[in-house]
Amino acid sequence: MVVIGLTGGIGSGKSTVARQFGSLGVHWVDADDVAREVVEPGTPALVAIAEHFGENILTDDGALNRANLRQIVFEQPEQRAWLEGLLHPIIREELIRQLHPSDYALPYVLLVSPLLLETDQHELVERVLVVDVPVDVQVERTMARDTNSREQVERIISAQMPREQRLGRADAVIDNSLPLDRVLAEVRALHEAFMVDFG
Ligand code: ADP
């Protein structure tokens, strides 16, 4: 199975493009979803987190209190290191598992991740596909989607890899500044090329 990494900054259109590939029958795994799934109630990771930090790290209904956890790891780097040491191998294993679905006829799958290039997740992929828009479009679309201020969005963007650097790592680029039907045409063309390359 060939794994293609789909990445881009916040609001660049990763989820939108992933759904378009999905409409063509392509299986995709969202790394952010997996990171949430592995700490859902009842998971071994959440049990370990509650043992380590105490029950206060859970909400009344037994879910992870993310705001509390964020605060702790923000203030205590050694706790951040502990948490990453716990979750990193669990997330990686779960990503690999979900990237290999049974009963799947196509030769490739997508790993969708905002931090593909910043983390070792890129080691899981054979090609890098970047969803690209100019930064002003990225800001406008993220503000329209989330209820964040321009400043918050700009702060998130400046903490991510700069656009040019990301494009420099791309094997292929999708221009998502276009209307959605034009983007779908780009997606179809790439899909056909991948089917030939990996089929
Ligand atoms: P990401 O997953 O990279 O954060 P999304 O796929 O959620 O980005 O896209 C960000 C916002 O922009 C969403 O509200 C989405 O509907 C919108 N959007 C994405 N692509 C386009 C496009 N080509 N034209 C117009 N709006 C778009």
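The values are calculated or read from the model by the stated rules, or taken from the named source; none is laboratory data. Remember, predicted model here, so these are calculated numbers, not experimental data. Here Cβ is always computed from backbone atoms with ideal geometry, including for glycine, and neighbour counts include all displayed protein chains. Remember, those area values only see protein heavy atoms, side chains included, never the ligands or the DNA or RNA. Shrake-Rupley method; radii C 1.70, N 1.55, O 1.52, S 1.80 Å.
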Next item on the list: Might you check whether a residue that is assigned by TED's automatic domain parsing to the domain that holds V17, of a type in the set (A, V, I, L, M, F, W, C) and farther than 22 Å from G9 by Cβ occurs anywhere in the stretch 115-136?
Entry: no
Note to self: Tell me yes or no: at least one residue of the stretch 94-101 is within 19 Å of A48 (Cα to Cα), within 19 Å of the chain's Cα centre (by Cα) and either at pLDDT below 95 or outside the structural domain of G9 (by TED's automatic domain parsing) (or both).
What the structure shows: yes
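Starting from residues that are part of a helix (DSSP H, G or I) and among the charged types (D, E, K, R), keep the ones in the stretch 47-72 and report whichever is least open to solvent (accessible area, probe 1.4 Å).
Filtering the stretch 47-72 for residues that are part of a helix (DSSP H, G or I) and among the charged types (D, E, K, R), the one least open to solvent (accessible area, probe 1.4 Å) comes out as R66.
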Check: Only one residue in V187, V173, V183, V153 is farther than 15 Å from V130 by Cβ, buried (at least 16 other Cβ atoms within 10 Å of the Cβ) and either among the aliphatic types (A, V, I, L, M) or out of contact with any helix residue (DSSP H, G or I) (no Cβ under 7 Å at 6 or more places or on another chain) (or both). Which one?
Finding: V153
Item checked: Residue check, S113 among the small types (G, A, S) and either surrounded by 18 or more Cβ atoms within 10 Å (Cβ to Cβ) or within 23 Å of A172 (Cα to Cα) (or both) -> yes
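In a loop (DSSP other than H, G, I, E, B) and under 25 Å from E40 (Cα atoms), is that true of L106?
no
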Margin query: Take the residues in the stretch 1-46 that are open to solvent by less than 20 Å² (accessible area, probe 1.4 Å) and hydroxyl-bearing (S, T, Y); name whichever of them is farthest from the ligand (Cβ to nearest atom).
Written below: T7
Item checked: Test for R141: is it over 17 Å from F21 (Cα atoms), buried (at least 18 other Cβ atoms within 10 Å of the Cβ) and either within 15 Å of the ligand (Cβ to nearest atom) or touching a residue at least 12 places away in the same chain (Cβ under 8 Å) (or both) -> yes
Note to self: Residues that are more than 16 Å from the chain's Cα centre (by Cα) and among the basic types (K, R): does the stretch 158-174 have at least one?
What the structure shows: yes
Notebook entry, point to check: Residue check, V38 against (1) within 29 Å of G168 (Cα to Cα); (2) touching an Asp or Glu at 6+ places or on another chain (Cβ under 6 Å), all met but one. Which one?
Noted result: (1)
